[in-house]
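Structure record follows, encoded as structure tokens.
The values are calculated or read from the model by the stated rules, or taken from the named source; none is laboratory data. Just so it is clear, the structure is predicted and the values come from calculations on it, not from any experiment. Note: ideal-geometry Cβ built from the backbone for every residue, glycine included; neighbour counts use all protein chains shown.
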Amino acid sequence: MKLSRIMMCGITAALAGGIAQADNWDAWLTVDNQFDVYFGTPLATNFYAGGGTNWAVSYNFTATGRPPTDYLYVATASDFSVAQGFIGIFTNTTTSTSIVTGSSVWEVFPAGAYLQQIFGMSGSWPYLTMPTQTQVDAAIAYATLNNLWVAPSTAPGYDNDPPTPTTPYFYPWGSLVLPNIPSNAQWIWYDSGGSTPGPYAVPINGFNHDEFLVFRVPGIAPEPASAALLALGGLAMLRRRSRR
């Protein structure tokens, strides 16, 4: 029994698709106070999409031809004052899927808690100072190799629908509604545990929550090589069946 022409064409398409597929992204976001957006591997960035320094502005960035295995990274810095937060939406226009801040896929690494280990640096990370791409890469590699990525922190009502959160929370961004970011996107940050009840405490006095921070969304597609191996495995299985 021979393999059908349809089966062979399907396997060939899987092999080609696993190797050639690329994704395009469209992002709207802001950070109180500063940020840079990157794409890359689990250990380092390899594409810079852009950055911003005005938390009241909804910034737009695009990235084309990114491997579906890419991780999305957002590096942040703040003035340790009043309020800190990151909010946005990231749309994969190739697959027509969107990721908003506050969804469970987000992870964060507080690089400021490991400055000595990563950079041989004592003390705290300086406020309003963005890390370089090389420093971001060093933080990413350290977090990944030591399994230090954790879930970000948020609070009730801290979304793009200015509102009335209940005590002990206070909404620090007034009536600001950021354009092109959905109302259900949440402000997220890292909670170092040093400010009770977290980064959204009242009164808002600001705090260094082990910054700088790096947020990420892990790549969810199989590696192209893995996709090819899966397809080849399917081919081998069909061949074995055809010999019976």
Checklist entry - Does region 79-101 contain at least one residue that is assigned by TED's automatic domain parsing to the domain that holds D159, crowded, with 22+ Cβ neighbours inside 10 Å and either under 20 Å from N147 (Cβ atoms) or acidic (D, E) (or both)? => result no
Checklist entry - How many of the residues making up region 44-63 are of a type outside the set (V, I, T) and in contact with an Asp or Glu (Cβ under 6 Å, 6 or more places away or on another chain)? => result 3
Next on the checklist: Every residue in region 120-162 that is charged (D, E, K, R) and at pLDDT below 95, please.
Outcome noted: D159, D161
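One line per residue, one yes/no per condition, for (1) loosely packed, with under 15 Cβ neighbours inside 10 Å; (2) touching a Gly at 6+ places or on another chain (Cβ under 7 Å); (3) more than 24 Å from G85 (Cβ to Cβ); (4) free of Cβ contacts under 8 Å to residues at least 40 places away in the same chain:
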site: P110; (1), (2), (3), (4): no, no, no, no
site: L115; (1), (2), (3), (4): no, no, no, yes
site: F119; (1), (2), (3), (4): no, no, yes, yes
site: G123; (1), (2), (3), (4): yes, no, yes, yes
site: T132; (1), (2), (3), (4): yes, no, no, yes
site: V136; (1), (2), (3), (4): no, no, no, no
site: A141; (1), (2), (3), (4): no, no, yes, no
site: W149; (1), (2), (3), (4): no, no, no, no
Checklist entry - Is one or more of the residues making up region 163-175 surrounded by 14 or more Cβ atoms within 10 Å (Cβ to Cβ), at pLDDT 95 or above and not charged (D, E, K, R)? => result no
Checklist entry - Could you say whether any residue in region 69-82 is at pLDDT below 95 and aromatic (F, W, Y)? => result yes
Checklist entry - Do you know which residues across region 192-220 are part of a loop (DSSP other than H, G, I, E, B) and modelled with pLDDT of 90 or more? => result D210, E211, F212
Checklist entry - If F35 satisfies every condition in (1) out of contact with any Asp or Glu (no Cβ under 9 Å at 6 or more places or on another chain); (2) more than 17 Å from W189 (Cβ to Cβ); (3) at pLDDT 95 or above but one, which is the exception? => result (2)
